[in-house]
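The values are calculated or read from the model by the stated rules, or taken from the named source; none is laboratory data. Note that the structure is predicted; figures quoted are calculated from it, not measured. For neighbour counting, all protein chains shown are included, and Cβ atoms are generated from backbone atoms with ideal geometry for every residue, glycine included. Only protein heavy atoms, including side chains, enter the accessible area calculation; ligands, DNA and RNA are left aside. Shrake-Rupley method; radii C 1.70, N 1.55, O 1.52, S 1.80 Å.
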Amino acid sequence: MFRTLLLGVITTALFAAGAARAQDRPADQRQRLLELAYALGESHALRQGCEGEGDQYWRARMMRLVQVERPGPTLETQLRERFNAGFVVQRAAYPGCDEASHEAEARAARRGQALALKLSRSTIQVRREAPAPDSVADDEAAR
């Protein structure tokens, strides 16, 4: 249940930004993206602990986050590092699948959900270039 809810919220957050790039986000939103990457890494480790090493569910979501946000090289590196850090911490704390790992997964999902909701509520102004002043076209189709 938490996975489905978190996935829906993350998807909403990813597409709310539209054509904006991650580095165009204010610093607080970039920080939320980093925290979301960490939560995704935690979720990935916890899910793999129960589903097996071949499970790439949350890694695929992280890759989609990077694809949609289109971060610059520095931010992309930071996002990947945060994902990996979250993974390492939870893999060390919960090497197997038990009740405690399921509870940790639910906590990570709630945290990720809250971050994704905050990101989805943020609005980003995307500056669109005005047509060239020498344009004689009346509309987009004429260009």
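Only one of the numbered conditions (1) part of a helix (DSSP H, G or I); (2) open to solvent by 30 Å² or more (accessible area, probe 1.4 Å); (3) modelled with pLDDT under 95 is not met by residue 85, and that is (3). For residue 108, the conditions (1) modelled with pLDDT of 90 or more; (2) aliphatic (A, V, I, L, M); (3) surrounded by fewer than 18 Cβ atoms within 10 Å (Cβ to Cβ) all hold with the exception of (3).
Assess whether residue 76 counts as being of a type in the set (Asp, Glu), under 12 Å from the mean Cα position of the chain (by Cα) and at pLDDT 90 or above. So residue 76 fits the description; yes.
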